Every structure is written in structure tokens, then in C-alpha cells.
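Just below is one structure, and these are the notes that go with it.
None of the figures in this text is laboratory data; all of them are computed from the coordinates on show. Everything numeric here is computed off the predicted structure, so don't read it as measured data. Virtual Cβ from ideal backbone geometry, glycine too; neighbours counted across all protein chains shown.
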Amino acid sequence: MLYFSRAKAAAILLTALVVIGFTVPNFFSEQTVKSWPAWAQRRLVLGLDLQGGSHILMEVDRNDIIKQRLDALRDEVVRTLREARITWANAPAVRGGGVEVRLREGADFSTAFAKLRGLSQPLGGVLQGNGMRTLDVVDAGGGLVRITPTDAATLERTRQTIDQSVPIIEKRINELGLVEPTVQRQGTDRILVQVPGLGDPRRLLELLGRTAKLEFRMVDSSMSAQDALQGRAPSDSEVLYEKQGDQRIPVLVKKQALVEGADLTDAQASFDQRTGEPIVNFKFNGAGARRFGRATQENVGRPFAIVLDTEVISAPVIREPILGGSGQISGNFTVESANNLAILLRAGALPAKLTVIEQRVVGPGLGLDSIKAGERASIAGAILVVVFMLATYALFGLFANIAVAVNVAMILGVLSFLSATLTLPGIAGIVLTVGIAVDSNVLIYERIREEVRNGRSAITAIDAGFTRALATILDSNITTFIAAAVLFFIGTGPVRGFAVTLGIGIITTLFTAFTMTRLIMAWWVRMVRPQTVPI
Amino acid sequence: MRLLRIVPDNTNFDFIRFRRVSFPVSALLSILAIVLYFTHGLNFGIDFIGGTLIEVQSKAGPADIAKMRTTLNELGLGEVQLQEFGGPENVLIRLAQQPGGEQAQQAAVQKVQGALGDAVDYRRVEVVGPRVSGELLHWGIIGIFVAIGAILIYLWFRFEWQFALGAMIANVHDIVLTLGFMSITQIDFDLTSIAALLTILGYSLNDTVVIYDRIREMLRRYKKMPMPELLNVSINATLSRSVITHVTVLLALMALLLFGGQAIHSFTATMMFGAALVGTYTSVFIASPILIYLGVGTGRQYVPDAPEEVAVESPPTVPTRTPAHARARR
């Protein structure tokens, strides 16, 4: 147990040195480290709780996806039946999570039913067909046909929606020019956005919380918006609201859009040359410009509405045809809200609404305080443990302290190598590891003491102490490691940081107990040839 | 130099006999903890019941909590809790889950920020919607059960099933008492509490395993020693280590508790109670004595690992020093 060949001793020291070496980049500024080779650039990342920042979890609105799908499905049914020249008793309508249509019973019914069944596609294309289809088409009797999207199809659509949303969200956030924001999908229907060091989380929420579907629609002048609210609005129009200060003014607009935001190629915040108000300039692509030109040509002198999501931004009167494909939006903007709109328009609209379901924002002040608290606690903890070890074991206590110092340095090395995130609970994990690491030494020393009491000579006692204690150290640390592993899989954010440092701490503790502590002891025994054990 | 000796050499405490005291005490405390849990309940944080938590720091001296309370109560956001947090400038504001789904929570934050304006610095804003809080609780509970299960299986493979069962009883005892502690102190029960509970599990088991290891070793070496004596010798032999280790962990936790800041305060307090106090007590007074009832060592047929050791070595200190004594006391 106490003999180490030169090669073995060298290997142990080298391993420890290399692992500790990974902490080096943390002591240099980011600029300096950037000029180093890529493998040497890994460093600790401070968690959002230490450097401040926003953690925002968003979920796609399933109902929104289903509603979009059902509206599209109804239109498909209408088109299919019209193309086949089949008339219906009751028009296709969205009802109870599906589309229902009542056909006339008789000879036509079976052809019509077959046509409708044709709408259902194998899920995931013909090649990867797993027998699942996109729609359930059911003959409910009495000529009634019910068409419902399958759960599998809705799930697939949710997944696609998230896939499409991630790059859009990334574009929006990147426009803010922040350091290392991350956008990740989580599960099938969620997106996690983490932005370190953001001063104003409200702006971030404003950018993330919007679908940003822009539409240019005509204002319906056939009746006033007030009348439409009281009586029945025309079927192809709806009442939306325009915000002016604290008031919300109803505007009756056509449901059909003239041009949509998807046709925009650029949008920039700017100032109106005459009034000095913040505005947003936009540019259409070719098709959009043609459509917008034609629509404005036909409607000179009439008002149209610029609609963002379900809100009217402004409803100006078309003074002259806008043929160049570019224009401007004005409407009670502040500099910031004009900027936000420009960002949203450039990044494009989300395919479905995203709802913020979890938000954790830590201000930079609290982050700094937490760093200080973590530092102070670590130093205090280290001093207490070091002094206690020296008081209890004197020279052997010094050995233990060296082993623990190597241990902590190695934890930081591994964390840096993994570019792991250090959180406040993570620091707590390190401080706790100091306690656990000391335990391995305590186990060894107490065992040695016992062997001495049982009448063994110093050297055989030390040898036997190590042999027996190491088995126990392995057994006892594995239980703590299991708890850390479970915590890693169920935990998020700061708690996960705790699991990571605790887990790594156990591994480095095992390494130091089995190698470093033994090596130090072996050297001491060879140098001193002890007749008695000094504990 | 005289070294610090917290536990004298050659202790000879009859832990097995003491079970007549420790078991009823533990049973009583456990029942008390369960009663507390059902009458007082836990002080669930927003992680598990959803809602909003805002930490603000007054920019001009100590915060006027009473005034803030009136301002916020006028917003009609249901129950609003305010408390000083770590210093007179800092106030922690808690809003209950708002009716009206996920968006309503965001709206509530904006209302609070509108009402308090720029007189305060927003150090932390946390909003957890109903769906996320439900999931976090679900996974937290699953995590604890998975951890207990995984550790049990490990112990069952490494030792005998009786040891695994004994460890589990000790485990559940630790968790129950810690929950009782959290109930009586009304410490925030949040995600870090789950972390604390899991660490307590791992840590208290760590300790139990050290003693079990020794018991197993003794079972192999001294095939004829009566069980109560064998358990006593094992516990006494590892006692010094148990105490020293727990003093170091207590010291480390003390540093965290005093200097680690408010954010991990409930975490360290829980750990201190669960791991450093209850955990040690359990492994010494519950986990090992309970093996008597579980039938460890009855009909053991071990071949000694190293027969020559048995021959050379004198038996462990405790029985040699006071064999007659020890036997007479039983």
C-alpha cells in the first residue's frame, strides 16, 4: 500500500497537475484567453444567479396550434367538396376539436366521404410511414362527417412549431447585442432562453412575448365600429382595438390581409422628418411591393389598418399609391417601442403564440452580493476546517489539508474543463466537499490509530489503515454520488450546479484519497522511518 | 504538542442497550414530525405552488415596509406578503398564484413594478406559472424516491438485504424528522430544499455505510462474537471518526450559514439539521442497533478473509478490556 514506483508517483502528480492546470484560463481576462489555442480556452462560467441575467421558459400555446390547424382544415374541406362539385346540407364548421360537415345523404355521399378521407396523409411522409395518419375521418351517421386531427399529428406540428420558432427567437435576441445568450428547445413544446447580464428584463419579455404577425388590412367603412360592436359586424370583418394613450379605440377592419409581414425584407427604426416622431421604415420584397402597390392604387382616399397580432398600430388614410415597395409606420411610438417593432419585423413572426411559463431574473447587484457571499463562506469554511484538522492530527492534519487543497483545485479544474456553470449552490457544494474530502482522511487516520492500539508497529499500522479504510471510503462515497446523480437529472439551474460540484467533488475526493494522500504518506514514511505514529 | 481529542480512545458505550431509549425517542419525534407536517404544513415556495417573488432594494435607506404593503394591497393582487430579507433595505415580496393562467402572472409583475416605480432596485424577479410548479413538485418527489431506491439497490448488492432495509428505515427517519424541522421553522420549501433533502440522504447514508462496513468486517472476522457485542464494538470503533467528520461538516456548514448569504440560507439550515445532527444520530443510534431486529448474522457461515490475521491479532480493544463487565451489563 505504501510503495509507489517512480513512474506511478509521476503519473499521479502529473494527473493532478494537468487537472489543476485547467483552472489557469480563469485567472486571465477573456481577451487574453481568446488568443490561446482552442483547447486552452475552457473556463468556468458563472451561473445566472452570480452574474445576473434572465432565465425565461416559454411554451407554445397548444390551443393556438390546434385552432390554426382547424381553420386551415375547414378551408381544405370546403375546397375539396367544391372541386368535386358536392353540395352540403350544413356548411363545414369547426366544432369540438374537429371539423364537421353534414352532407346530403344519397348516391353522392360515398364519393364525398372517400374524397374527405383522401385529406388524411400518412404521418411523417410515405417513406417513414408507421401506420399513423394526420386525420381521423369518421362517418357519424345521418350524413354527418367528423374530421379530427390525430394527437400524433398535433404533437408533430407542435414539434415543428418549436423548430421554426427557435431561430426566430435567436434572431430577436441577437439584435439586442448581448453576450452569449442561449436559446434551447426543451422537450416537444418548450423553449428556454437564458440571457446573462441583461439590465432590463422587461425589454426582453416584450421581444419574446409577441407573435409579431404584421398585417396590412383595409378598414371596413360600411358601418362605424361602434355600430359593429352593438349590432352584427359584416361576416368578413372584425373589430380590433387601437391603443391611444390610455384609451382603446375600436376599429372595424377586414379579416382579409392585403399584405403580410412575411413579405417584408427590411425594417428600421427612424424619425419622421417633419414631426420628429419615432417611426418604423419598412421595405417589401417584389411580390409584396406589387400587391401593396395595387391595393393602395385601388383604395386612394380610404383608410387602411396596420395590425400587429390583434392590435391596430395605426389606421392612416392612403393619400397616394405606394408603388416603390417601401413605407413607414407611425403610431405613438417611443424610441424603444419603434426599435422593438423593427427588431420583431426583421426577425419575422412566430408560427404560433408562445407563453412565458417561468421567469427568473437576477439583477447584477444581487449577483455581485452572491459572489461576495460565496467567496466569504468558502474562505471561512476553509480556515475553520484547516485549523480543526491541524488541531486534531497535527502533522497528519497538514497532510490532510494539502490533500484537500489539491482536491478543491482539481474540482475547479474539472469544472473549467467542462466549462461548467458555477452557481451559488455550486459553491456550497464545493464547501461541503471540503467536509467530505476531510472525511476520507479522518477514516484513514482513525483506522491507523486503531491498528496502533491493536499492537501493530507504526509502518504496518499505517499500511493496514490505508488498506482497510480505502474500501470503506469507496462504499460510503458511492451513496452520496448516487444522490448527486439523481439531483443532476431532476434539477434545473442553480440546483443542478450544486449536483455537478458535489458529484465532481466525490470523484476528486476518491482520486486524492487513493493516490495523493497515500503518496504523501509514503514519502513521509520513507524519509522519517517512524517508530511511532504522531496521532 | 497535545492533540485535540473529542472522543477518548477506547470508548465503550452500550449503544445496543441504549436502543431502549433511542428507539422510543425516535418514534415519538417521528410521530411529532408527522403531526406537525399535517397541522402546520410546509411553507411551500413559489417553485412548487407557483406565484411571484420579487426582491427589491430601497434606493434611499431602509425600506418602509408598511407603506409598501399598503401600496401593493391596493393593486388587488390577492394576498401580498412582504418581509425584510437580509437587511433593512431589502424586501421580499411574494404574490400568490394569480387567477387567469400564465399571462396573468406577468401582468401582476408589471403592476407591482408600476406601483413601486424607480424608488427601488429590482434585485430578483421570479415568476413560476402553475404548470411549471406542478412539474417541479412532481419531479422533486420522484427524485427523492428514485434516490432512495437506487441507494437501496446498491446497498443490497454490496451488503445483505438486512443492511439495505436498516439503512432505509434510517433514511425515512431522517427525511421525516427533517420535514418536521422545516414545518416547525416554516423555512421556505423550494427546489434547494429538495437538493438539501437528497444531500442529507446521501450524507447520512455515507455515515451509516461506514459503520455497516465495520460490522460486516467484524462479522467475517469474529464468527462467534454475540451480535449485540459485535454491533457495540463496531459502533464504538468508528465513533471517533463519526464525530470528527461531523464536526468538520458542521464547521463548513456554519461558514455557509453565516457568510453564504440569504439565497442559500434555508438550504444550509436544513442541511445542518438533517445531515450534521439527525444524520449522525441516526447512523449511530438507529441504523446500526436496528440490525438486531433484522436478523443480521444469524446462521452466518463466513470463511474469514485472512485467517492468519485472526490468529495473530488480539481481539479488538473493547471486549478485551472489559469483557466480563460488558457481559454482565447485558
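Here the Kirkwood formula, the inverse mean of 1/r across different C-alpha pairs, assigns region A:374-422 a hydrodynamic radius of 11.8 Å.
Here region A:420-522 has an Rg and Dmax of 16.0, 53 Å, counting Cα atoms alone.
Compute the angle between helix A:151-174 and the longest alpha-carbon principal axis of chain A, please, reported from 0 to 90 degrees and rounded to the nearest 10. Roughly 80 degrees between the two axes. Let me make sure I get this right: for region A:37-78, a, b and c are the square roots of the gyration tensor eigenvalues over alpha carbons, sorted descending. Under 1.5 in a/c it's rounded, otherwise prolate if a/b > b/c, else oblate. Which is it? Taking the square roots of the gyration eigenvalues as a ≥ b ≥ c, region A:37-78 is oblate. Once the cut-off is 20 Å, how many percent of the Cα-Cα pairs in region A:223-343 end up in the long-distance tail? Result for the distance tail: 47 percent.
Relative contact order of chain B, taken over Cα pairs closer than 8 Å and 6 or more residues apart, is 25 percent. Panel values: region A:320-417, Kirkwood radius from alpha carbon pairs, Stokes-Einstein at 10 °C and 1.306 mPa s, translational diffusion coefficient 78 µm²/s. With a 10 Å cut-off around each Cβ of B:211-220, the average count of Cβ atoms from other chains is 2. Across peptide A:432-444, the average count of Cβ atoms from other chains found within 10 Å of a residue's Cβ is 6.
If R0 is taken as 51 Å, the Cβ-Cβ distance between residue A:206 and residue B:31 corresponds to a FRET efficiency of 0.45.
One equal scatterer on each Cα of region A:179-234, no solvent, Debye formula: the resulting log10 I(q)/I(0) at q = 0.13, 0.16, 0.21, 0.22 Å⁻¹ is -0.62, -0.70, -0.90, -0.96. Which whole number in µm²/s is D for region A:281-375 by Stokes-Einstein, with the Kirkwood Rh taken over Cα pairs at 25 °C and 0.890 mPa s? For the chosen part, D equals 145 µm²/s. Pairs with C-alpha atoms separated by more than 18 Å, drawn from the list A:171/A:255; A:67/A:353; A:255/A:283; A:213/A:353; A:243/A:353; A:67/A:213, are A:171/A:255; A:255/A:283; A:243/A:353.
Global size of region B:154-304: 16.9, 55 Å for Rg and Dmax (C-alpha atoms, Rg to one decimal, Dmax whole). Multiply the residue separation of residue A:526 and residue A:398 by 0.36 nm, subtract the distance between their alpha-carbon atoms, and state the gained length in nm to one decimal. Stretched out fully, the residue A:526 to residue A:398 stretch lengthens by 44.3 nm.
Compared with the rule-of-thumb size 2.2 N^0.38 Å for a compact globular protein, region A:53-147 has a Cα radius of gyration ratio of 1.33. Label positions at residue A:326 and residue A:36, each projected 7 Å from the Cα along the C-beta direction, are separated by 4.8 nm. A full extension of the chain between residue A:236 and residue A:164 corresponds to an added length of 22.9 nm, given 0.36 nm per residue minus the alpha carbon distance. With the convex hull of its Cα atoms as the shape, region A:91-193 has an orientation-averaged projected area of 9.4 nm². Legend: P(r) of region A:220-260 from all alpha carbon pair distances, 10 Å bins from 0, whole percents, reading 30, 49, 21. Once the gyration tensor of the Cα atoms in region B:75-231 is diagonalised, the equivalent ellipsoid follows with semi-axes of 49, 17, 11 Å, ordered largest first.
Given the protein assembly as shown, what whole percent of its Cα pairs are spread farther than 53 Å? Across the protein assembly as shown, Cα pairs with separations above 53 Å total 33 percent.
Averaging the sequence gap over all C-alpha pairs within less than 8 Å and six or more residues apart, then dividing by the number of residues, gives chain A a relative contact order of 19 percent. Counting only lysines at least 8 places from residue A:372 when in the same chain, those with an alpha carbon closer than 28 Å to its own are A:34, B:59.
Distances longer than 21 Å among the Cα atoms of region B:1-142: what percent of all pairs is that? The share of Cα pairs beyond 21 Å in region B:1-142 comes to 61 percent.
A Cβ-based charge dipole, computed about the Cα centre of the protein assembly as shown with Lys and Arg at +1 and Asp and Glu at -1, lands at about 2180 debye.
The angle between the Cα long axis of helix A:62-83 and the main principal axis of chain A comes to about 40°, on a 0 to 90 degree scale. Value of Rg to Rh for region B:1-58, rounded to two decimals, is 1.33; Kirkwood radius and Rg both from alpha-carbon coordinates.
Derived from the Cα gyration tensor, the three semi-axes of the equivalent ellipsoid of chain B are 51, 21, 16 Å, largest first. Given the -39500 (n - 2.57) contribution per DSSP H run of 4+ residues, what per-residue ellipticity at 222 nm results for the protein assembly as shown, rounded to the nearest 500 deg cm²/dmol? Dividing the helical sum by the residues of the protein assembly as shown leaves -18000 deg cm²/dmol. Net charge dipole, region A:258-301: roughly 180 debye, given to the nearest 20, about the Cα centre with Cβ charges of +1 for Lys and Arg and -1 for Asp and Glu. Sorting A:484-494, A:282-292 by their mean Cβ neighbour count within 10 Å, with the most densely packed peptide first, gives A:484-494, A:282-292. Take each residue in A:388-398, count the other chain C-beta atoms within 10 Å of its C-beta, and the mean is 4.
Spatially, region A:220-247 and region A:316-371 are offset by 26 Å when compared through their Cα centroids. Among the helices of chain B, those built from whole DSSP H runs whose Cα atoms reach 30 Å or more along their own axis and whose mean Kyte-Doolittle hydropathy is at least 0.0 are B:15-39, B:130-158, B:161-185, B:191-221, B:227-259. Sequence-distant contacts, meaning Cα pairs under 8 Å at least 6 residues apart, place the relative contact order of region A:134-249 at 13 percent. Of B:235, B:215, B:31, the residue with the greatest mean-square motion in the GNM of chain B, using alpha carbon springs below 10 Å, is B:31.
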